[in-house]
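**Q** Structure incoming, see below.
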Amino acid sequence: MFTGIIEEVGTVETAASGVLRIRAATILADAKLGDSIAINGVDLTVAERDGTSFHAQVMPETYRRSNLGTLKAGDAVNLERAVRPTDRLSGHIVRGVVEGTATIASFVPEGDAVIARFRTPAELLRYMVVKGPVAIDGASLTIIDKTADTFAVSVVQYTQAHTTLLRKHPGDSVNIETDIIARYVEALLPKGLRPA
């Protein structure tokens, strides 16, 4: 489990079929083999590590659901270690299980913030509500607007500086994880009461 508070922006050293090697500093301070690290919001396992990088294996299902298959050497990625039971839960409950992707539609400055709008499929939008949480490339953000095919978040200065989001451009893909609570509520509703 993660919080969606990005700890570090790392750099892809190797992106080959089924393998990612990421250069990082902060998250490697106490990382051990078998630990979970979210890379752009995808929970992956540390399979190898040295003093400056770690290696994770990527399953075909992960490539199908995320944008990890588009990564190449030199790309920046958001990194977060798994939360410990004694940590504060500053963002929201993020599982590191990416459900799909969205496309960046626009970035519009608003004071010190930037309004980021994303186009995403209806099957993801159905689990999003205004003022509810969403994880975008692993970063916990709050939805401020929603239309039939888009949603928007307001990106504060800290998030602008400490994630990869504003390094991307309209048309680029981002990983999306919706709120698990909405999914559970829908699954628990009797079949006749579930939205179509």
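The values are calculated or read from the model by the stated rules, or taken from the named source; none is laboratory data. What you see is a predicted model, and the numbers here were worked out from it, not measured in a lab. All Cβ positions, even for glycine, are placed from backbone atoms using ideal geometry, and neighbour counts span all protein chains on display. Surface areas here come from the heavy atoms of the whole protein model, side chains and all, with no ligands, DNA or RNA. Shrake-Rupley method; radii C 1.70, N 1.55, O 1.52, S 1.80 Å.
**Q** For a quick check of understanding: with a 1.4 angstrom probe and all protein chains in place, what accessible area in square angstrom does Ser17 have, to the nearest ten?
**A** Number for this one is 120 Å².
**Q** Still on this structure, I have one more. Under a 5 Å amide H to amide H cut-off, with H placed in plane at 1.01 Å, what residues pair with Glu99 once short-range neighbours are removed?
**A** Ile176, Glu177, Thr178
**Q** While we're on this one: Add -39500 (n - 2.57) for each DSSP H run of 4 or more in the chain, then divide by its residues: what number comes out at 222 nm, to the nearest 500 deg cm²/dmol?
**A** Dividing the helical sum by the residues of the chain leaves -3000 deg cm²/dmol.
**Q** Here's another thing I want to ask about it. Please report, as a whole percent, how much of the solvent-accessible surface of segment 70-196 comes from carbon and sulfur atoms (probe radius 1.4 Å).
**A** Working: 3880 of 6780 Å².
For segment 70-196, the apolar C and S fraction of the accessible surface comes to 57 percent.
**Q** Summing Lys, Arg as +1 and Asp, Glu as -1, what charge do residues with Cβ under 14 Å from the Cβ of Arg81 carry, Arg81 excluded? Don't jump to the answer; show the numbers that get you there.
**A** Working: positive: Lys32, Arg49, Arg84, Arg88; negative: Glu7, Glu8, Asp30, Asp35, Asp43, Glu80, Asp87.
Residues close to Arg81 contribute a combined charge of -3.
**Q** If you take the charge dipole of the chain about its Cα centre, with +1 on Lys and Arg Cβ and -1 on Asp and Glu Cβ, which of Met128, Ser173, Thr3 is farthest toward its positive end?
**A** Projecting each Cα onto the dipole axis, the largest value belongs to Met128.
**Q** Can you check what the net charge comes to around Thr147, using other residues whose Cβ is under 12 Å from the Cβ of Thr147 (Lys, Arg +1; Asp, Glu -1)?
**A** With Lys, Arg at +1 and Asp, Glu at -1, the net is +1.
**Q** So for the chain, taking the charge dipole from beta-carbon charges (+1 Lys/Arg, -1 Asp/Glu), which of Leu71, Tyr184, Thr159 sits furthest toward the positive end?
**A** Tyr184
**Q** Here's another thing I want to ask about it. With all protein chains present and a 1.4 Å probe, how do Leu165, Leu188, Leu33, Leu89 order by accessible area, largest first?
**A** Largest to smallest exposure gives the sequence Leu188, Leu33, Leu89, Leu165.
**Q** Per residue, what volume in Å³ does the Cα convex hull of the chain take up?
**A** 125 Å³
**Q** On to the next question. Counting only heavy atoms of protein chains, what accessible area per residue, in Å², does the chain have with a probe of 1.4 Å? Can you show the working numbers first?
**A** On the way: 9920 Å² over 196 residues.
Counting only protein heavy atoms, the per-residue value for the chain is 51 Å².
**Q** A further question follows. Enumerate lysine pairs in the chain that are 8 or more residues apart or on different chains, then count those whose Cα atoms are under 26 Å apart.
**A** Values: Lys32/Lys72; Lys72/Lys168; Lys131/Lys146; Lys131/Lys168; Lys146/Lys168; Lys146/Lys191.
Within the chain, the lysine pair count is 6.
**Q** Further question on the same structure: Normalised by the number of residues in segment 58-196, what is the relative contact order in percent for Cα pairs under 8 Å and 6+ residues apart?
**A** Worked out over segment 58-196, it gives 28 percent.
**Q** Please list 3J(HN,Hα) in residue order for segment 55-68, calculated via the Karplus relation 6.51 cos²θ - 1.76 cosθ + 1.60 where θ = phi - 60°; whole Hz, with x for glycine and proline.
**A** Per-residue couplings from phi come out as 10, 10, 9, 10, 7, x, 4, 5, 4, 5, 9, 10, 9, 4 Hz.
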